[in-house]
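Data first, discussion second: the structure below is written as structure tokens.
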There are 2 protein chains.
Amino acid sequence: MSDTNAVRLDAQVRIVGTGLLGASIGLALRSQGIDVALADSSPSSVHLASDLGAGRPAHSDDSPKIIVVCVPPDVTADVIEAELKAFPDAVVTDVASVKLFPLHQLQARGVDITHYVGGHPLAGRERGGAISARGDLFLGRPWVVCRDEETPAWALALVEDLVLDLGAVPIEMTPEAHDEAVGLVSHVPQIVSSLMAKQLEGASDEAVRLAGQGVRDVTRIAASSPGLWIQILGANKDSIVGVLENLQKDLQNVTDALRDISAPGARKVIAEEMSAGNAGVARLPGKHGQNKRYAQIVVLIDDRPGQLAQLLTELGELNINLEDLRLEHAEGAQMGMVEFSVVPEVRETLVSELEKRNWRVA
Amino acid sequence: MSDTNAVRLDAQVRIVGTGLLGASIGLALRSQGIDVALADSSPSSVHLASDLGAGRPAHSDDSPKIIVVCVPPDVTADVIEAELKAFPDAVVTDVASVKLFPLHQLQARGVDITHYVGGHPLAGRERGGAISARGDLFLGRPWVVCRDEETPAWALALVEDLVLDLGAVPIEMTPEAHDEAVGLVSHVPQIVSSLMAKQLEGASDEAVRLAGQGVRDVTRIAASSPGLWIQILGANKDSIVGVLENLQKDLQNVTDALRDISAPGARKVIAEEMSAGNAGVARLPGKHGQNKRYAQIVVLIDDRPGQLAQLLTELGELNINLEDLRLEHAEGAQMGMVEFSVVPEVRETLVSELEKRNWRVA
């Protein structure tokens with residue numbers, strides 16, 4: 001491993017709440033040799049996480065330097081308060097996906113929050129529980145850290161070291177900016193996905209047979225469990241309701257325009273709403289969708305062991321580094337499609353090299 | 001190739017409209033040695049498609065047995081009418097994503113539609129034009145065929161042979177059932193995705209940095225071009241408006257419940273809407289999401305050429321056939337994650353074999 005991957009934390013870590021996030025943090029820290037003490041209101045949950053390799057059950061004589069509270073938003077403030085009291089020398093952080101709600105509760109109770117630094121890893125899975133935990137869950141993901149004016153530099157540094165050790169990217173934000181941001185890029189999309197999926201509930205078998213990748217993508221996160229989401233949405237309603245109201249107006253505009261599509265201006269309304277959607281999706285950074293940093297190449301391969309390895313061996317011989325790769329099987333077809341990304345400069349040469357070697361480039 | 005892949009069509013095919021779908025059909029048919037004549041209102045578009053290998057420019061003495069109309073919905077009926085008149089012995093089919101709209105136009109004009117069989121391949125890309133065409137675009141995809149009571153069996157058989165030669169799966173439906181189905185599983189999801197994406201237009205850079213896979217998936221198809229979609233939505237408004245009205249009601253319910261989250265029953269409303277979303281997304285068939293036919297394995301590899309090939313060579317040695325594979329790079333990380341699917345029976349043995357060979361299985 002390079003220097004940038006060296007372990008920063010050199011301290012006992014206590015994790016309270018051994019669900020998906022708590023157990024994933026434990027797995028990642030244990031793989032770096034860090035002592036991890038696990039606590040949970042359910043002893044059997046601690047044992048499961050411990051058996052999975054996420055740490056050891058907490059002892060009464062533990063003295064953690066940093067405590068990560070990984071419990072649902074409704075009880076986050078309670079647990080933070082209890083941990084601050086039980087371990088007055090430790091720094092307490094959390095992973096709740098809302099930041100103002102627990103902060104306001106702590107402030108209202110007059111808790112001394114000098115040693116509390118809010119946190120939120122932008123990572124998760126549709127499947128919950130320690131059993132779905134992965135040590136690599138946070139790799140390359142943003143992890144918001146909310147400092148207070150009162151936060152001592154050493155406490156902030158400790159939390160950021162933890163974040164870096166988990167492979168995530170610390171981003172300092174105010175709790176207000178955080179909650180507004182996740183309302184827009186996480187909570188409202190969840191509602192939209194769930195409500196779209198709801199419309200499919202009574203669909204005919206014939207209709208769902210026609211479903212393609214579009215509706216699958218739009219509704220993927222609708223598989224998330226309602227229990228946790230109700231807490232998140234309720235705790236961040238101030239950031240969400242305004243966005244939902246705008247969405248309602250837009251939906252009303254489109255519905256009205258469609259209902260009376262021959263009216264002057266009706267098509268223009270729809271065009272403007274959809275163009276604004278083009279502009280909105282273009283705001284999302286990164287590889288997904290209309291990424292222009294890489295060129296795509298599709299190769300058709302026979303559906304038998306060794307074909308993909310052969311292709312990749314030859315790509316290795318050509319000294320090509322793949323930026324992204326997907327293998328897909330067409331239902332019932334005797335072939336697979338390999339779609340991969342390369343830097344645009346090499347695309348043309350690579351295609352002709354592959355064709356020279358008798359690969360079928362689509 | 002096996003018998004099931006033998007070419008069925010033995011006839012000249014004429015394609016009118018050489019955009020993404022027309023050129024993709026041409027590419028697939030040409031690869032099977034079928035004579036493809038290309039026509040388009042734009043001669044340069046014909047030349048581009050022809051240069052790409054989708055067929056040859058149409059001649060005045062062509063005598064196609066089957067004509068595929070691949071033009072936007074607004075002009076589909078006009079072109080079908082003209083083709084039926086120009087080639088009275090041929091079967092005319094189309095690929096418009098609405099089926100009642102062109103049919104009603106033809107009927108209103110008193111066109112003899114005995115030789116017209118409506119069609120709609122459920123396939124596409126966000127990128128349009130012949131330049132994005134792929135001969136494998138239809139592999140394994142549903143392709144709706146709308147027969148009429150008057151349709152002769154030979155005409156239907158010819159269209160179904162075309163569909164099978166393109167690797168797609170013909171599904172017979174009435175135009176009414178088709179339009180209702182695509183309204184629900186394609187057109188409304190497009191509107192939902194576009195309107196969600198619109199909300200991101202004015203987002204702060206800080207907010208979009210926190211975007212994860214959820215919002216990316218929900219908004220992926222919002223990158224589609226408005227021009228064609230306005231025609232599709234307008235032509236299918238009768239199937240769409242009702243669904244949009246239900247969606248509006250649901251959105252209103254959730255917004256009201258959130259605004260007054262402490263009121264009795266408010267959380268129950270949200271729970272019910274989200275649970276209905278769980279049930280809705282579970283209706284979608286296939287691999288995506290809650291697929292239980294395959295087991296997933298994640299292996300961490302170093303980000304350098306040859307690593308993935310090495311892994312796949314070893315999988316080949318172990319005689320493992322991959323059902324699906326994804327390589328992903330974590331932003332800024334010196335490693336990639338390879339996630340692949342195998343039949344569940346081999347999972348356990350495979351993981352221990354990989355670990356024995358020093359692969360890092362997550």
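Where a number appears in this text, it was derived from the coordinates with a stated rule and is not lab data. Quantities reported herein were computed from a predicted structural model and do not represent experimental measurements. Cβ placement follows ideal geometry from the backbone for every residue including glycine, while neighbour counts extend to all protein chains displayed.
I'd like the mean, over residues of A:225-232, of how many other protein chain beta carbons sit within 10 Å of each residue's own Cβ.
4
If you project the alpha carbons of the protein assembly as shown onto the principal axes, what extent comes out on each, in Å, largest first?
92, 59, 41
Kindly give the distances from B:Glu201 to its copy-mates, label point to label point, with each label point 7 Å from Cα along Cα→Cβ, as nm values to one decimal ordered shortest first.
Going from nearest to farthest copy, the values are 3.2 nm.
Run a plain Debye calculation on segment B:8-173 (Cα atoms as equal point scatterers, no solvent) and give log10 I(q)/I(0) at q = 0.15, 0.17 Å⁻¹, rounded to two decimals, same order as the q list.
Treating every Cα as an identical point scatterer, log10 I(q)/I(0) equals -0.72, -0.95.
With only alpha-carbon atoms counted, please give the Rg and Dmax of segment B:141-217, in Å.
19.9, 61
For A:Asp256, go 7 angstrom from Cα along the Cα-to-Cβ vector, then report the distances to that same point in the other copies in nm, smallest first.
2.0
Here are some pairs, B:Lys198/B:Lys249; A:Lys65/A:Lys99; A:Lys198/B:Lys198; A:Lys198/A:Lys249; B:Lys85/B:Lys237; which of them have Cα atoms lying more than 28 Å apart in this structure? Let's see the in-between values first.
Values: B:Lys198/B:Lys249 20 Å; A:Lys65/A:Lys99 22 Å; A:Lys198/B:Lys198 21 Å; A:Lys198/A:Lys249 20 Å; B:Lys85/B:Lys237 30 Å.
Exceeds cut-off: B:Lys85/B:Lys237.
What share of Cα pairs, in percent, lie more than 14 angstrom apart in segment B:25-65?
Considering segment B:25-65, 41 percent of its Cα-Cα pairs are separated by more than 14 Å.
What dipole magnitude, in Debye to the nearest 20, does the protein assembly as shown give about its Cα centre under +1 on Lys/Arg Cβ and -1 on Asp/Glu Cβ?
The calculation lands at about 80 debye.
Give me the distance between the Cα centres of segment B:135-210 and segment A:169-217, rounded to whole Å.
21 Å
Once you have the Cα-Cα distance between A:Ala11 and A:His59, take 0.36 nm times their residue separation minus that, and quote the gain in nm to one decimal.
The A:Ala11-A:His59 span can extend by a further 15.7 nm.
Taking only Cα atoms, what is the 0 to 90° angle, nearest 10, from helix B:344-356's long axis to the longest principal axis of chain B?
50 degrees
Report the local net charge at A:Ala266: Lys and Arg +1, Asp and Glu -1, summed over other residues whose C-beta lies under 13 Å from its C-beta.
Values: positive: A:Arg259, A:Arg267, A:Lys268, B:Lys237; negative: A:Asp256, A:Asp260, A:Glu272, A:Glu273.
Once all neighbours under 13 Å are counted, the net charge is 0.
Taking 7 Å along the Cα-to-C-beta vector as the label spot, tell me the B:Ala153-A:Arg109 distance in nanometres, rounded to one decimal.
Modelled inter-label distance: 7.8 nm.
One-quarter of the Cα convex hull surface for segment A:1-105, in nm²?
Seen from a random direction, the Cα hull of segment A:1-105 projects 7.1 nm² on average.
Enumerate by residue number the GluC sites (Glu not before Pro) in segment A:96-157 meeting two conditions: DSSP loop (anything except H, G, I, E, B), and at most 13 other Cβ atoms within 10 Å of the site's Cβ. Walk me through the numbers before you get to the answer.
On the way: sites: A:Glu126, A:Glu149, A:Glu150; in loops: A:Glu126, A:Glu149, A:Glu150.
Answer by residue number: A:Glu149, A:Glu150.
Nearest 5 percent is fine: what portion of the DSSP beta bridges confined to segment A:8-173 is antiparallel?
Details: 4 of 24 bridges.
Close to 15 percent.
Which whole number gives the average count of other chain Cβ atoms within 10 Å of the Cβ atoms across peptide A:253-265?
Mean shielding by partner chains, rounded to a whole number: 4.
How big is Rg to Rh over segment B:180-281, alpha-carbon atoms, Rh as the Kirkwood inverse-mean-distance radius?
Values: Rg = 15.7 Å, Rh = 15.5 Å.
The Rg/Rh ratio comes out at 1.01.
Find out how many positive minus negative residues lie around B:Lys99, taking Lys and Arg as positive, Asp and Glu as negative, among other residues whose Cβ is under 10 Å from that of B:Lys99.
Values: positive: none; negative: B:Asp94, B:Glu176, B:Asp179.
Overall, the nearby charge balance is -3.
First measure r as the distance between the Cβ atoms of A:Gln296 and B:His47, then evaluate 1/(1 + (r/R0)^6) with R0 = 35 Å and state the FRET efficiency to the nearest 0.05.
Efficiency, from the Cβ-Cβ distance: 0.90.
For B:Ile131 and A:Lys356, what is the calculated FRET efficiency with R₀ set at 25 Å and r taken between the beta-carbons, to the nearest 0.05?
It comes out at approximately 0.60.
What order do you get for B:His104, A:His178 when you list them from fewest to most C-beta neighbours inside 10 Å?
Ordered from fewest to most neighbouring Cβ atoms within 10 Å, B:His104, A:His178 come out as B:His104, A:His178.
So what's the convex hull volume per residue for the Cα atoms of chain A, in Å³? Mind dumping the intermediate values first?
Working: hull volume 74.9 nm³, N = 362.
Spread over its residues, the Cα hull of chain A gives 207 Å³ apiece.
Using alpha carbons only, how many angstrom separate the centre of segment A:65-88 from the centre of segment B:81-103?
Each part's Cα centre sits 68 Å from the other's.
Report the relative contact order of segment B:8-173, percent, no decimals, based on alpha-carbon pairs under 8 angstrom and at least 6 residues apart.
25 percent
About its Cα centre, how strong a charge dipole does chain A have in debye, to the nearest 20, once Lys and Arg get +1 and Asp and Glu get -1 at the Cβ?
760 debye
Just which residue of chain A brings its Cβ nearest the axis of rotation onto chain B, and by how many angstrom, rounded whole?
Value returned for chain A: A:Asp217, 2.
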